[in-house]
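Right, one structure below, let's go through it.
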Amino acid sequence: MDEIKNPEEEFENWMCRNKNRHGESYSMQTVRNIVFALKTFPERYDLPDHITPNCFTYKTLDTFEPLSQVIINSPRPETLSEVEKYTLWQAIDQYKIYLHQTNQRRMEIIGGRRYWLYSPGKGAHRWEEFYMNGVMAIWYDDLGDLGYYDTKEAIRTALRQQYGDLDYRQTRLWLWNFANVIADGDVVYVKKGRKEILGRGIVTSEYIFDAARSEFRHIRRVNWTHKGDWEHPGLSTTSLLSDITLNKEYIEKLESLFMGDSEFTEVDNEPIIKYLKYTKNDLLSEVYIDENRYNTITGLIMRKKNVILQGAPGVGKTFVAQRLAFSLMGEKNTSRIKVVQFHQSYSYEDFIMGYRPDGDGFRLVEGPFYQFCKHAAEEDEVPYFFIIDEINRGNLSKIFGELLMLIEYDKRGEKHAINLLYKNELFYVPANIYIIGMMNTADRSIAMIDYALRRRFAFFDIEPAFSSEGFKMQQKVINNDKFDRLILAVQELNTAICLEPSLGEGFRIGHSYFCPEAIDIIDDIWLTGVVQYELMPMIKEYWFDNQPEIKKWEAKLFNAIK
């Protein structure tokens, strides 16, 4: 593994990426698990007393530096306990792989161009001036020449001195990138708010501090190649300056706005992105299935090309589908995976193509499956995976239309192309597309898939995994008697569900209800919440006409966590 530069800074970046709706990142939850395990072995890992699993929030990054040093510098013990083997070092290895991968990506970008999303002042109010003068510029003039600052933290200190004692975490990154990371030849897209694109240009100079300007003295020369007003393909961030280099799909959407102009050919020099490798062993360490079942399901996917994962609520069907795709690709390449969800109103016009209102008229809009097939056809030597959640909620005949024949494994490829309903075009489904659907067997509100459609798919049952070796090992790591008693009660409940004539195996309780991303949150409050707000509503639905049965299981589940 290459030497990691600036490990504390990398650790901070890792912790802050991909924050979820609760304001926490998956990375932060992983670190909570690391700390939980480190504290179990104080004689082996010298972690400061003030570092605890609950001390981490987005605004307490000052606690990360000592922890990152422990993680990076701690040698792997020759003898590992179960906690260290299955929780601590798995998470530490994940962090070190992230550092290595980030380093590799940055090295790959060197020599290629970067792509930036930029706002020329608040509400893009300086765009006309910047366009006329051939520059891009940002404010915070009181800092002087940014070339004098050696680090982002030095910029942050200067910001606090000049403008008040605020956080400035995002501002220091804008200024640092503007002065040190943007380079001659980079592409800049100009935005206004979150919904408009105003232009595109190519950077033609190094950073300049222009003291002769009255304001916005931090500048770079730009050859503005396009100026206009385009609808943003999606919603942009509110950030002043964003590096979007690694988001290839997003860049392609932005470039499509300017297609047809002579300068468009300049975007071909894109950095090559390598994705984190992902193998069968990686899947088996994350998903509670054994190797024989893995070999069976991957064999079905490769042979049939269309597979539906069916199972009770909470067995992790979506998680399994994505991990299967990663393992068959050999890497975590999300650019070759598309996920959609069917519902009762979903139609051919949503899925393949159809007309949509556009001003005073209508325009033909391509749907996700049509676009995905076109992308896959360009790389027909590698697999692409189209994942459909809640596949039996939609009317498949209505959604697939004439393509229902083309998804069959022996009807793939150009020789089976047919004309589309809305477009005079011969279209086919490439042989390298694999469709994985998910079906909840406990949902009574949806129709069964008819036999004509069933023959186009193979069906694989995803079972509750309470008895699997992986889940049992997770229980040992959690080491909570109440949790263990609750799992036994749920297994007993599943047996009763199987024996109930009106229910059956498809209505069992899945294991994912008991798999939080951060195991240290499992306490009495968490256990009570799972029983009261997740399990009991389902039990009341199952036995809606049998109050004694509801009362029996309510008592058993709550007694288990007393």
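The values are calculated or read from the model by the stated rules, or taken from the named source; none is laboratory data. What you are looking at is a predicted structure, and each value in this text was computed from that prediction instead of being measured. For neighbour counting, all protein chains shown are included, and Cβ atoms are generated from backbone atoms with ideal geometry for every residue, glycine included.
I'm trying to understand the selection: among the residues of the range 443-484, which are modelled with pLDDT of 80 or more, small (G, A, S) and under 27 Å from R303 (Cβ atoms)? Once the filter is applied, which keeps residues that are modelled with pLDDT of 80 or more, small (G, A, S) and under 27 Å from R303 (Cβ atoms), the range 443-484 yields A458, A465, S468, G470. Consider G510 carefully, then state whether it is outside the structural domain of N440 (by TED's automatic domain parsing) and touching a strand residue (DSSP E or B) at 6+ places or on another chain (Cβ under 8 Å). In short, yes. The set of residues in the range 495-520 that are aliphatic (A, V, I, L, M) and exposed (fewer than 15 other Cβ atoms within 10 Å of the Cβ) contains only L499. With respect to (1) more than 24 Å from G299 (Cα to Cα); (2) touching a helix residue (DSSP H, G or I) at 6+ places or on another chain (Cβ under 9 Å); (3) buried (at least 16 other Cβ atoms within 10 Å of the Cβ), the lone exception for R393 is condition (2). Note on the range 388-437: residues that are part of a loop (DSSP other than H, G, I, E, B) and among the polar types (S, T, N, Q) total 3. Within the range 494-509, can one find any residue that is within 28 Å of the chain's Cα centre (by Cα) and part of a helix (DSSP H, G or I)? No; the residues of the range 494-509 include none that is within 28 Å of the chain's Cα centre (by Cα) and part of a helix (DSSP H, G or I). Candidates F457, F466: the one that is crowded, with 16+ Cβ neighbours inside 10 Å and in contact with a His (Cβ under 7 Å, 6 or more places away or on another chain) is F466. Taken over the range 150-168, the criterion of being loosely packed, with under 12 Cβ neighbours inside 10 Å and under 14 Å from A179 (Cβ atoms) is satisfied by D150 alone.
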